[in-house]
1. List every residue pair whose Cβ atoms lie under 7 Å apart, where the two residues are 6 or more positions apart in sequence or sit on different chains, the first residue falls within the range 7-25 and is among the basic types (Lys, Arg), and the second residue, located anywhere, is modelled with pLDDT of 95 or more and near the ligand (Cβ under 9 Å from one of its atoms).
2. Going by what's in this entry, would Thr56 be described as surrounded by 15 or more Cβ atoms within 10 Å (Cβ to Cβ), hydroxyl-bearing (Ser, Thr, Tyr) and modelled with pLDDT of 95 or more?
3. Considering only the range 1-40, state which residues are aliphatic (A, V, I, L, M) and within 15 Å of the chain's Cα centre (by Cα).
4. One residue is enough: does the range 53-60 have a residue meeting the conditions within 15 Å of the ligand (Cβ to nearest atom), touching a helix residue (DSSP H, G or I) at 6+ places or on another chain (Cβ under 8 Å), small (Gly, Ala, Ser) and not in a strand (DSSP E or B)?
5. So, Val28, is that one assigned to a loop (DSSP other than H, G, I, E, B), touching a helix residue (DSSP H, G or I) at 6+ places or on another chain (Cβ under 9 Å) and within 14 Å of the ligand (Cβ to nearest atom) or not?
6. Output the residue which, of all residues in the range 76-96 that are of a type in the set (A, V, I, L, M, F, W, C) and in contact (Cβ under 8 Å) with a residue 12 or more places away in the chain, is surrounded by the most Cβ atoms within 10 Å (Cβ to Cβ).
7. Can Ile73 be described as surrounded by 13 or more Cβ atoms within 10 Å (Cβ to Cβ), part of a helix (DSSP H, G or I) and either at pLDDT 95 or above or within 13 Å of the ligand (Cβ to nearest atom) (or both)?
8. Quick check on the range 31-50: of everything there that is under 12 Å from Ile11 (Cβ atoms) and within 9 Å of the ligand (Cβ to nearest atom), which residue is surrounded by the fewest Cβ atoms within 10 Å (Cβ to Cβ)?
Amino acid sequence: MPDPDCLFCRIAAGEISADVISQDELVVCFRDVAPQAPTHILLIPRQHIASAAQLTEDHGPMLGRLFASAAAIARAEGLAERGFRLATNAGAGAGQSVDHLHFHLLGGRSFSWPPG
Ligand code: DGP
């Protein structure tokens, strides 16, 4: 069920414009408005899920689609050979600023570990 007050639900519904890379009935992928790397794409479920802390096994089909989409986009954007990062922030303490589950697909530069 979409949340009418949620920014990413509204992007998924097409009510707020975004540079959408791909979408289907489960997942929407679009470029981050404030890119932290030469390629920075957000992958979200259409379903409103606040964060990874709410995930259960029932979300398996959506997560399978989301990770397959990430891999396909990484290949299409030429990130797969050099490497890329796929990450989610869960909770304000981890840096989550939009309370709708999203994975960051980052590539096109080197990444350090551990993350800050
Ligand atoms: P996080 O801090 O992990 O919750 O990541 C939220 C990301 O969402 C952040 O990298 C910036 C991005 N973002 C915020 N508002 C918008 C928006 O309106 N459009 C797009 N495309 N990205 C947004």
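1. These pairs meet every condition: Arg10/Ile16.
2. So Thr56 does not fit the description; no.
3. If the condition is that a residue be aliphatic (A, V, I, L, M) and within 15 Å of the chain's Cα centre (by Cα), then Leu7, Ile11, Ala12, Ala18, Val20, Ile21, Leu26, Val27, Val28, Val33, Ala34, Ala37 are the ones that fit.
4. No, because not a single residue in the range 53-60 is within 15 Å of the ligand (Cβ to nearest atom), touching a helix residue (DSSP H, G or I) at 6+ places or on another chain (Cβ under 8 Å), small (Gly, Ala, Ser) and not in a strand (DSSP E or B).
5. No.
6. The selected residue is Phe84.
7. For Ile73, the condition - surrounded by 13 or more Cβ atoms within 10 Å (Cβ to Cβ), part of a helix (DSSP H, G or I) and either at pLDDT 95 or above or within 13 Å of the ligand (Cβ to nearest atom) (or both) - is met.
8. Val33
The values are calculated or read from the model by the stated rules, or taken from the named source; none is laboratory data. Everything quoted here is computed from the prediction, not taken from an experiment. Glycine gets a Cβ as well: all are built from the backbone with ideal geometry, and neighbour counts include every protein chain shown.
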